[in-house]
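Worksheet: one structure, shown below.
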Amino acid sequence: MSEQISVELKNDLTEVGRMSQILDKFCVSNKLPPDTNFALNLSLEEILTNVIRYGYDDNDEHIIQVRLNLYRGQVYIEVEDDGRPFNPMEAEAPDIHKPLDERPIGGLGIHLVKNHVDSLRYVREGGRNLLIMKKKANPNSI
């Protein structure tokens, strides 16, 4: 079974909620388990929020392309944008063992993404960022 969805979002935080609803429908229609839906939603929300808040040097409208694909038991989520280059794999891991008041602000979201998906891949090409997240779906649900 293979299902693909492509969504264009504006760089506006209200679009994160709209994308979450689309992802929920994608997961339900493909009978993905709730824990997979949760992990994907958490990861996608974090990535989109970071792109919208920190990815652009102007206040202009930008389009963020999100593609969902279920193929051979794997869910692929691609997020493509024309923002500043940012490779989340190069982000320094937070020291989660430090007390909260001693930790710097930021960095925990990328850490959560890395721990909720099976793989992340980043490509910068033609002035665009492409982040590909992959998560294995429950084989009994496909």
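Derivation of every value follows stated rules applied to the coordinates shown; laboratory data play no part. Treat the numbers as computed from the prediction; the structure is a model and nothing was measured. Note that we place each Cβ from the backbone using ideal geometry, even for glycine, and neighbour counts take in every protein chain shown.
Name the shape class, rounded, prolate or oblate, that the alpha-carbon gyration tensor gives for segment 5-57, where a ≥ b ≥ c are the square roots of its eigenvalues, rounded holds for a/c under 1.5, and otherwise prolate holds if a/b is larger than b/c and oblate otherwise.
Working: a/c = 3.10, a/b = 1.93, b/c = 1.61.
Note, shape of segment 5-57 comes out prolate.
Dipole orientation for segment 36-85: of the candidates 83, 55, 69, 69 has the Cα lying most toward the positive pole (charges on Cβ; Lys, Arg +1; Asp, Glu -1).
Working from label points 7 Å from Cα in the Cα-to-Cβ sense, the residue 12 to residue 121 distance is 3.3 nm.
Scalar couplings 3J(HN,Hα) for segment 44-59, obtained by applying the Karplus form with A = 6.51, B = -1.76, C = 1.60 to θ = phi - 60°, are 5, 4, 4, 5, 5, 4, 5, 4, 5, 6, 10, x, 10, 9, 9, 9 Hz; x denotes Gly and Pro.
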